[in-house]
Structure formats: C-alpha cells, structure tokens
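Bear in mind that the values in this text are calculations on the coordinates, not laboratory data. Quick caveat: nothing in here was measured; it's all calculated off a predicted structure. Every residue, glycine as well, gets a Cβ built from its backbone with ideal geometry; the counts of neighbours run over all protein chains shown.
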Amino acid sequence: METEVDFYELLEVERSADDKTIKSAYRKLAMRFHPDRNPGDADAEARFKAISRAYDCLKDPQKRAAYDRFGHEAYEQAASGGGQGGGQGFSDIGDIFETIFGSAFGGGASGGRPRRGADLRYDMEITLEEAFHGKDTEISIEVSQTCEPCSGSGAEPGTGKRGCDTCGGFGKVRAQQGFFVVERPCPTCHGRGEVIETPCSACRGEGRVDKVQNLDITIPPGVETGTRIRLSGKGEAGPQGAPAGDLYIFMHVRRHEVFERDGTNLFTKVPITFTKAALGGTVSLPGLDGEWITVNIPAGVQSGKQLRKRGDGMPVLQGRGRGDLVVDIQVETPRKLSSKQKELLREFQQSETKAQCPDAMGFFERIKSGWGKR
Ligand SMILES: [Zn+2]
Ligand SMILES: [Zn+2]
C-alpha cells in the first residue's frame, strides 16, 4: 500500500466536509504536489497519487459511505483485491469494492462503468407568444467537456500510455474470494490494459473539464409545458474520450393574460354589450401573431355561448396547421342608464314577446304548470 493515512486527513478536511469543500481541498493540494511542479520529486509524486486516490473515494457518495462505514483498512484491502499491488493514483476501485461490499452499494450488481457522459436537464421558461412563433435563442451552461489539450485521453500532451502493471496489460485480474478465484476487469486500467504515464495537467487525467458552453437553440412553434427538446451529444462529456450524454431542454410556457391553452386550442372570454348580443355584429381581438382576429357575433347570441374560429389556435408542434380559437361570449348588461335610454328601453319592453325571450318570459309559467301537475 502506498499510504495508511486516512483519506480525510490526506485532504486536510473534516469528516463532515461537503462535496464542495472536498473538491477545493483536493484542487489546492493537487496543484501543490502535481508532478509537473515537482519534477523528479518522488515524495511529491507519491503524495499526489495518494491525494488523488483519497479524492477518488470521497468525491463518490457511495464509495465515501462505504469508506465511512467499513474504515480505511477494509477499504484498502478491498481496493487491492487483485493481490498484485493495485492502488494506482487514478484507479477506480469501484468494481472490486462493489463485489466484496455489495450490500453497501444498495444492489451490488457490478455492471460496467458508465461509458457515456451523463444526460443533463435545462429548464427554460418562454411566453405563449414565443411558443406560438417558435424562437431561436442561446443558452449558457457549465458542462464537462472533452479536455482539449489531451483530446480526452487524460494523458499529458507529448506523453504516452504504458502497459498496466496491475494486470500486466491483460485488462483483467484474478482475485481470491473465499474459495473462489474470480476474474474481473482490472481496477487500475479499467480493462484497457494500459495506464496514463503522466496525467494531463489541464484535466488531471480525467479527460474532461468543466466549461461554460454557449449553445444555439431553436424552439419550434407549438411547444408546450412539458415539451422536451433533446440536443444530442450536448450533455456531459464521457470519461476519457467516451461519447457525451444528451442535453434536454424542458419547456415551461408562462400563463397568458388573455388566452388559455389546451393543446393546440386557445380559449378566451370576450365581453360584448347587450345591444350587440341582440343585434349581432363583430368583435376584434389581438391574436398571438399580432394580427387582429375578427369574430362574427350572431344576432341573439346568449351569454356563455362558445364561438369557434377554426385554425386560429396554436400551431401543431412539428406538424401542419393550427388548432382552434374558442371565444366564450359574456353579455354585459349596462350598469347605468340615462333617462333617455330608460325611456327607449321601456318602450322596447312593451313590445317584447315570449317568442323572443322564451327562457326569461316563460320561466314562471313553467314553474306554475309544474305545481299544477302535482
Ligand atoms: Zn490493468
Ligand atoms: Zn486533459
């Protein structure tokens, strides 16, 4: 073993330190002991490997939990399960550790390491107008990307890889487990058979770095809340040159003052005067495209009547045509009348017939006849 020092002590952090503290502690120490800064200094190199190894454990919530639970010694034993000295600075001991302490990982199925970078989610809020027209926009997100200096290989440019000592270049190791000998991918080289000689100083051998990325995004017309736009390969870069994951933009469409939306249909309430309701006419309202939409009001329309304008709703997402606009008519009774108006309306009232207003004028009669039948 290279070290018997507790990982927390190595990184000079409290046992209760959060991920951020651990990360910055590691960065600070890695800078100090990096082989590039200490050429020919074997102690610094050993220290660098040790802190990298400690960080490799503590940055992973599952490994850290297992480390806390089983202690340093058990962890190290598990890590060197190959029996051939294991313990390179950049080894991922997850595979072996998982086999031995399976329960600690909740499941214990030792699947392969993730080959692809993680998918990412980005939430975006837009207006109903923007959902109507579609929109070209740009977003900035911090994503881990393939490291440029080493092209994702993790090796310092100009340096190479060498055969893995742990597995002798076979990519597999045999380990005694009770009475069994099990063969599994080499924990040092992850089955590649080779290891990085000098880790890339830009990415510390990870092959990827966090970078702010500006992305052009085209939002197609017709998106609604819940629509996901997938940007293939724009998620996290994969480890050591593996393919990147995808980025998903989750759309949220803000509530609109005038229009309510249901799929491709738009709904709105339109108040009209009682004279317009009686005489008929038109009303105009501003559409989402900025054009005025004219709605014909048939004479004698009742409050609550829904008038449908076909093709004046939302565009169909990635399709043709548009949904409908549904106008909910609200008849407004004058709240105040001049004496002249009152006179005119009284005169009008004299001439009202039951045929014109069957509901209102026949109402009490229907109730009376109902009583009579009892
Ligand atoms: Zn190996
Ligand atoms: Zn690099």
Cα-only Rg/Rh for the range 324-364 with Kirkwood Rh rounds to 1.12
Residues other than Q177 with Cβ under 12 Å of its Cβ, Lys/Arg counted +1 and Asp/Glu -1, net out at +1
Residue-ordered couplings for the range 165-174, obtained by feeding phi - 60° into the Karplus form 6.51 cos²θ - 1.76 cosθ + 1.60 and rounding to whole Hz (Gly and Pro as x), are 5, 4, 10, x, x, 7, x, 10, 10, 10
Checking rank on 152-162, 295-305, with mean other Cβ inside 10 Å and highest first, the result is 152-162, 295-305
Cα-only Rg/Rh for the chain with Kirkwood Rh rounds to 1.32
Loop-resident GluC sites (Glu not before Pro) in the range 147-252 with no more than 14 other Cβ atoms inside 10 Å, DSSP not H/G/I/E/B, are E197
Computed D for the range 249-368, Stokes-Einstein, Kirkwood radius over alpha-carbon pairs, 37 °C, 0.692 mPa s, to the nearest µm² per second, is 191 µm²/s
Largest-first semi-axes in Å of the equivalent ellipsoid built from the Cα gyration tensor of the range 182-299 are 61, 14, 9
The summed charge of the G287 Cβ neighbourhood (under 11 Å; Lys/Arg +1, Asp/Glu -1) stands at -2
Taking placed amide H atoms and a strict 5 Å upper bound, the residues 5 or more places from S144 or on another chain that come that close are K211, A237
To the nearest 20 debye, the range 150-308 has a Cα-centred charge dipole, built from +1 on Lys and Arg Cβ and -1 on Asp and Glu Cβ, of 360 debye
With -39,500 (n - 2.57) per DSSP H segment of 4 or more residues and division by the full residue count of the chain, the 222 nm estimate, nearest 500 deg cm²/dmol, is -8000 deg cm²/dmol
Interchain or sequence-distant (5+) residues whose placed amide H lies within less than 5 Å of the amide H of T225 are V253
Toy charge model, Lys and Arg Cβ at +1, Asp and Glu Cβ at -1: the chain dipole around Cα centroid in debye, rounded to 20, equals 2260 debye
For the range 306-374 the GluC sites (Glu not before Pro) that pass both the DSSP coil test and the at-most-12 other-Cβ-within-10 Å test are E352
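Could you work out the equivalent-ellipsoid semi-axes for the range 119-215, taking the square root of 5 times each eigenvalue of the Cα gyration tensor, largest first, in whole Å?
Taking √(5λ) for each eigenvalue gives 43, 20, 8 Å, largest first.
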